[in-house]
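What follows is a single structure, written as structure tokens, with notes after it.
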2 protein chains.
Amino acid sequence: MADSKKWVVMATAQTPTNIAVIKYWGKRDETLILPVNDSISVTLDPSHLCTTTTVAVSPGFEQDRMWLNGKEISLSGGRFQSCLREIRSRACDVEDKEKGIKIEKKDWEKLHVHIASYNNFPTAAGLASSAAGLACLVFSLAKLMNLKENPSQLSAIARQGSGSACRSLFGGFVKWIMGKDENGSDSLAVQLVEEEHWNELVIIIAVVSARQKETSSTSGMRESVETSLLLQHRAKEIVPKRMVKMEEAIKNRDFSSFAQLTCADSNQFHAVCLDTSPPIFYMNDTSHRIISYVEKWNRSEGSPQVAYTFDAGPNAVLIARNRQVAAQLLQRLLFFFPPNSDTDLNSYVLGDKSILHDAGIGDLKDVEALQCPPEITNVPAQKYTGEINNFICTKPGRGPVLLSDESKALLNPESGLPK
Amino acid sequence: MADSKKWVVMATAQTPTNIAVIKYWGKRDETLILPVNDSISVTLDPSHLCTTTTVAVSPGFEQDRMWLNGKEISLSGGRFQSCLREIRSRACDVEDKEKGIKIEKKDWEKLHVHIASYNNFPTAAGLASSAAGLACLVFSLAKLMNLKENPSQLSAIARQGSGSACRSLFGGFVKWIMGKDENGSDSLAVQLVEEEHWNELVIIIAVVSARQKETSSTSGMRESVETSLLLQHRAKEIVPKRMVKMEEAIKNRDFSSFAQLTCADSNQFHAVCLDTSPPIFYMNDTSHRIISYVEKWNRSEGSPQVAYTFDAGPNAVLIARNRQVAAQLLQRLLFFFPPNSDTDLNSYVLGDKSILHDAGIGDLKDVEALQCPPEITNVPAQKYTGEINNFICTKPGRGPVLLSDESKALLNPESGLPK
């Protein structure tokens with residue numbers, strides 16, 4: 001190790017969230033986080049939804065510490081510890097000749113780390129913050145400690161922190177292979193296609209104003225495995241066939257098949273939740289309304305224009321086949337779910353605001369002037385003001401990246417404490 | 001036939017509704033109405049929920065006619081016609097010596113019928129009005145035309161009018177055997193136990209204020225059969241085992257098992273609806289809230305006190321293990337779902353009002369004074385005023401009966417037209 005002078009070595013990375021289009025629901029091993037079926041996700045553009053994490057190491061650090069969105073949190077959880085242990089055991093020599101620092105493989109076990117993580121979206125909004133967070137933790141620590149593992153091998157470590165985190169180590173469309181080994185070594189993520197493969201897609205997330213507290217996905221999926229009589233049938237008989245079809249649809253950019261499979265699989269995941277004892281309800285009346293509108297529109301167009309998918313919460317993730325459809329979708333969403341009159345449109349539609357521009361909407365007056373969509377026959381259509389917190393316009397995005405610009409670091413390079 | 005003088009012969013019957021505790025969802029034959037699985041129901045006390053039907057025949061009638069709740073409706077539907085045809089083909093000689101009327105078997109094909117039917121509950125409230133209605137039609141016509149068939153044989157005719165109608169031909173707990181024959185002859189209902197067998201049970205129906213139009217059960221189950229990948233697994237693998245357990249629970253009056261099976265099967269039926277493409281939502285946020293309260297209460301008591309079940313709509317049917325529990329249940333329901341301030345308690349809690357008395361509630365002030373149930377820990381608990389239209393307190397009840405008191409008839413004995 002270098003001299004005892006209190007140097008700090010840091011790495012900062014940015015990692016995307018992902019949303020599953022073939023759902024992961026149910027573990028066959030709770031500790032290793034091994035799933036009962038394969039799953040597929042699309043990575044979301046980190047410009048709009050991502051976690052940034054800075055990890056630092058210094059002989060001056062007295063213990064492992066972590067800050068999430070500026071607030072210190074405990075690292076004592078088994079999942080954090082699993083990730084830290086797995087990464088430390090694979091750490092390699094690191095040399096910074098400029099600073100005159102050399103850390104040898106054997107030193108890593110003794111060195112403590114500081115971790116600062118920041119989500120550019122609300123943590124509690126049910127937008128897979130733990131997936132992005134754990135993936136970013138693993139990716140940034142792997143960079144700091146000079147791991148030789150490839151992204152798939154890193155995904156198997158991230159998986160032990162949060163199952164769906166393994167899918168956040170790649171951009172584009174990602175497959176989590178459930179694997180067979182008891183030790184979980186073959187339960188990892190692989191990239192199906194890069195984000196550029198299907199770059200017409202536009203994604204709009206409707207963040208639903210939820211009143212009720214939700215069942216955590218960890219306890220929810222445990223209860224489903226224990227009590228749902230439909231879950232095993234889904235995992236063993238239905239998902240394997242759907243995986244084949246979904247991979248094909250993605251490779252061929254076959255939006256009709258993609259949308260049909262995405263919607264059906266989201267609904268089936270929520271069906272399994274409902275078949276759990278006691279039943280789990282993640283979707284609420286607002287979620288149901290969004291589904292009904294999308295289904296009606298898709299039917300009236302003769303082929304799917306928009307796919308919907310819902311994770312363990314009421315928020316809708318809507319995938320439009322192209323920008324033009326996305327603009328029409330946003331018009332519809334704003335027609336049915338206008339903001340409260342005291343809401344600024346700029347804080348109601350977030351992310352890629354060019355979709356708002358494409359939709360011809362500049363201010364709240366434009367929202368009020370929106371016409372009822374032609375597929376709605378029972379006029380006057382009911383509007384549901386206030387049921388949506390905000391919309392986020394985004395698209396498929398890239399995988400994790402290292403940020404070399406030190407000004408982006410969340411920890412002070414001298415003290416190793418949050419800036 | 002008797003002379004051409006325009007005599008009228010009538011019969012009036014009263015038939016209960018029923019609520020399934022093992023659900024019927026999916027037909028293997030649309031025309032004959034043959035189900036994909038067995039089902040079990042409890043018959044509801046006709047004092048609170050029933051259909052009364054008067055059928056009349058006269059050489060003076062020029063066509064078959066029907067009035068529902070005083071309004072003439074068309075009898076041209078295939079299902080009405082199936083029932084009428086099946087009953088006419090089994091009609092026997094009828095002689096009324098007092099009136100000097102004799103109708104021979106062969107005459108029935110030429111005679112037209114008048115039918116008047118009345119539900120003592122809202123037809124559109126999703127309370128199985130078609131089940132009671134078709135069962136009553138078949139039962140009263142069978143009496144009028146002197147059919148020799150037993151109730152199970154009549155149930156196979158009622159089944160062709162509305163599947164679940166076959167279960168309304170008995171009181172107590174009733175099993176609809178799906179049968180094997182292609183012609184449907186063995187798809188019929190049998191009584192499992194009489195209503196007196198388990199007379200501690202109390203049933204409270206929460207009629208939920210629904211805003212959205214629902215998918216009819218006929219088209220809903222067709223779409224489930226065509227698109228749900230879970231339905232066949234449920235029908236073939238899960239329901240047969242549940243039937244055995246449910247029959248045992250009913251025979252042993254084992255409320256814990258009964259409640260567990262009833263709730264799980266209701267949830268699984270709705271899970272299959274959700275797994276349908278496009279998905280079908282019968283339950284809404286109010287339904288979900290009721291389930292959550294019941295589940296929480298049951299857990300806090302250590303064993304189930306109340307079972308819930310939902311048909312093709314948002315209304316909750318809650319089965320309490322005894323009167324004491326029912327009074328506590330009603331207190332809880334009124335605490336969470338108080339009536340609007342302009343609602344009369346007397347029209348908010350219908351049916352057997354002695355439960356209201358047991359609950360110590362005489363007026364709206366008593367409702368306001370209700371304490372938050374002890375199992376609710378996140379105080380102050382949210383209340384949902386206006387989400388419930390009304391509650392109906394009832395219990396398991398008897399099967400169809402003939403009403404010999406002519407003053408109860410809905411048709412004029414001279415004209416054969418509605419009174």
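The values are calculated or read from the model by the stated rules, or taken from the named source; none is laboratory data. Remember, predicted model here, so these are calculated numbers, not experimental data. Neighbour counts run over all protein chains shown; Cβ positions are idealised from the backbone, glycine included.
Points worth noting:
- Residue match in the range B:200-208 (condition: closer than 26 Å to A:LYS296 by Cα, more than 14 Å from chain A (Cβ to nearest Cβ), in contact (Cβ under 8 Å) with a residue 12 or more places away in the chain and of a type outside the set (Val, Ile, Thr)): no
- Candidates in the range B:40-75 are the residues that are among the hydrophobic types (A, V, I, L, M, F, W, C), in contact (Cβ under 8 Å) with a residue 60 or more places away in the chain and farther than 26 Å from B:GLU194 by Cα; of these, the one that is surrounded by the most Cβ atoms within 10 Å (Cβ to Cβ) is B:VAL55.
To keep it simple, each residue is scored yes or no on (1) of a type in the set (Lys, Arg); (2) within 14 Å of chain B (Cβ to nearest Cβ).
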position: A:GLU195; (1), (2): no, no
position: A:THR215; (1), (2): no, yes
position: A:SER224; (1), (2): no, yes
position: A:LEU229; (1), (2): no, yes
position: A:LYS236; (1), (2): yes, yes
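- Evaluated against (1) away from chain A (no Cβ under 13 Å); (2) touching a residue at least 12 places away in the same chain (Cβ under 8 Å); (3) more than 14 Å from B:ILE319 (Cα to Cα); (4) within 21 Å of the chain's Cα centre (by Cα), B:LYS251 falls short on exactly one condition, (4).
- Yes/no for A:SER266 being assigned to a helix (DSSP H, G or I), more than 7 Å from chain B (Cβ to nearest Cβ), buried (at least 21 other Cβ atoms within 10 Å of the Cβ) and not basic (Lys, Arg): yes
- Taken residue by residue, the range A:167-181 has at least one member that is of a type in the set (S, T, N, Q), within 14 Å of the chain's Cα centre (by Cα), buried (at least 24 other Cβ atoms within 10 Å of the Cβ) and assigned by TED's automatic domain parsing to the domain that holds A:HIS48.
- Qualifying positions in the range A:46-92 - in a strand (DSSP E or B) and closer than 29 Å to A:PHE173 by Cβ: A:CYS50, A:THR51, A:THR52, A:THR53, A:THR54, A:VAL55, A:LEU68
- Condition check for B:THR43: touching a Cys at 6+ places or on another chain (Cβ under 8 Å), assigned by TED's automatic domain parsing to the domain that holds B:SER129, assigned to a strand (DSSP E or B) and within 22 Å of B:ALA156 (Cβ to Cβ): no
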